[in-house]
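**Q** Okay, here's the structure, questions in a sec.
The values are calculated or read from the model by the stated rules, or taken from the named source; none is laboratory data. Keep in mind that what you see is a predicted model, and the values were worked out from it rather than measured. Cβ coordinates were reconstructed from backbone atoms using ideal geometry, including for glycine residues, and neighbour counts include every protein chain displayed.
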Amino acid sequence: MRIEVADPALATALGELGSSGGRAEDGVVFGPARVTTWAEAEEELTRAYRLAHAAAQENAPVVFVVDAAAAVGRGAPLDAAVAVGLVAGGRCLAFEGLRKDEYASVIGYDGAEPPSRVAATVEFLVATGVGRGQTVMVGSSHVGAMLP
């Protein structure tokens, strides 16, 4: 499984599931880097699309991991744009993948949560197929906000 996550601690925690050298065709876990320009936002979304496309061609799972605060509009505007774009992308992948039983989901995580908890959530979602097309929140930074 291909792990492309900008947060080094989270990338390490996800190491048991795969690596940055893993094959996207075996599945993808993608977590964007923080962005400060439109060009960086476009680059992150393009990377996510290309990895997800490779995975979807092989009916492999796709999990986008985003900052929970950004996903509910409480982060920096461009980080929120990327996070919500990935939420929408995960839903579209899940909906389109229903015909072939493909799996896609999004995890919104609170930076205060241990990376091991996020990794365990990714592993559980992929193994069980629950939360298909949903944004599964890990932590509490989303409490009181409308989920996208």
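**Q** Every residue in the range 117-131 that is in contact (Cβ under 8 Å) with a residue 24 or more places away in the chain and over 16 Å from Phe30 (Cα atoms), please.
**A** Correct list: Gly129, Gly131.
**Q** Which one of these is under 18 Å from Thr12 (Cβ atoms), of a type outside the set (A, V, I, L, M) and not in a loop (DSSP other than H, G, I, E, B): Ser116, Ser105?
**A** Working: Ser105 fails: under 18 Å from Thr12 (Cβ atoms).
Of the residues listed, the single one that is under 18 Å from Thr12 (Cβ atoms), of a type outside the set (A, V, I, L, M) and not in a loop (DSSP other than H, G, I, E, B) is Ser116.
**Q** Right, Ala13: more than 22 Å from Ala80 (Cβ to Cβ), touching a strand residue (DSSP E or B) at 6+ places or on another chain (Cβ under 6 Å) and assigned to a helix (DSSP H, G or I) or not?
**A** It is false that Ala13 is more than 22 Å from Ala80 (Cβ to Cβ), touching a strand residue (DSSP E or B) at 6+ places or on another chain (Cβ under 6 Å) and assigned to a helix (DSSP H, G or I).
**Q** While we're here: Read through the list (1) part of a helix (DSSP H, G or I); (2) under 17 Å from Gly111 (Cβ atoms); (3) touching a residue at least 40 places away in the same chain (Cβ under 8 Å), then give the number of the only condition that Ala70 fails.
**A** Unmet condition: (3).
**Q** Taking the condition over 12 Å from the mean Cα position of the chain (by Cα) and touching a residue at least 40 places away in the same chain (Cβ under 8 Å), does Ala9 pass?
**A** yes
**Q** Something else now. Only one of Val28, Val65, Val72 is over 18 Å from Leu93 (Cβ atoms), crowded, with 17+ Cβ neighbours inside 10 Å, of a type outside the set (Phe, Trp, Tyr) and touching a Leu at 6+ places or on another chain (Cβ under 8 Å); which?
**A** Every option except Val72 fails the conditions.
**Q** Of everything in the range 16-43, what is part of a helix (DSSP H, G or I) and in contact with a strand residue (DSSP E or B) (Cβ under 9 Å, 6 or more places away or on another chain)? Give them in sequence order.
**A** Ala24, Glu25, Asp26
**Q** Exactly one condition in (1) crowded, with 20+ Cβ neighbours inside 10 Å; (2) of a type in the set (A, V, I, L, M); (3) closer than 23 Å to Asp110 by Cα is not met by Leu45; state its number.
**A** (1)
**Q** For the condition surrounded by 18 or more Cβ atoms within 10 Å (Cβ to Cβ), among the small types (Gly, Ala, Ser) and in contact with a Lys or Arg (Cβ under 9 Å, 6 or more places away or on another chain), what is the one hit in Gly85, Gly108, Gly89, Gly97?
**A** Going through Gly85, Gly108, Gly89, Gly97 in turn, just one is surrounded by 18 or more Cβ atoms within 10 Å (Cβ to Cβ), among the small types (Gly, Ala, Ser) and in contact with a Lys or Arg (Cβ under 9 Å, 6 or more places away or on another chain): Gly97.
**Q** Separate question: One residue is enough: does the range 37-48 have a residue meeting the conditions at pLDDT 95 or above and under 18 Å from Arg132 (Cα atoms)?
**A** The answer is yes, given that some residue of the range 37-48 is at pLDDT 95 or above and under 18 Å from Arg132 (Cα atoms).
**Q** While we're on this one: Filter the range 67-126 down to residues that are within 22 Å of Thr36 (Cβ to Cβ) and either in contact with a Gly (Cβ under 7 Å, 6 or more places away or on another chain) or among the small types (Gly, Ala, Ser) (or both), then give me how many there are.
**A** Residues meeting the conditions: 18.
**Q** Does Glu102 count as within 26 Å of Glu40 (Cβ to Cβ), at pLDDT below 95, of a type in the set (Asp, Glu) and surrounded by 13 or more Cβ atoms within 10 Å (Cβ to Cβ)?
**A** On the way: within 26 Å of Glu40 (Cβ to Cβ): no; at pLDDT below 95: yes; of a type in the set (Asp, Glu): yes; surrounded by 13 or more Cβ atoms within 10 Å (Cβ to Cβ): yes.
So Glu102 does not fit the description; no.
**Q** To continue, here is another question. How many residues are of a type in the set (Gly, Ala, Ser) and either part of a strand (DSSP E or B) or touching a helix residue (DSSP H, G or I) at 6+ places or on another chain (Cβ under 8 Å) (or both) when one looks only at the range 122-139? Steps first, please.
**A** First, the residues of the range 122-139 that are of a type in the set (Gly, Ala, Ser): 127, 129, 131, 133, 139.
Okay, now just the ones that are also either part of a strand (DSSP E or B) or touching a helix residue (DSSP H, G or I) at 6+ places or on another chain (Cβ under 8 Å) (or both), so 131, 133, 139.
Adding up the residues that qualify gives 3.
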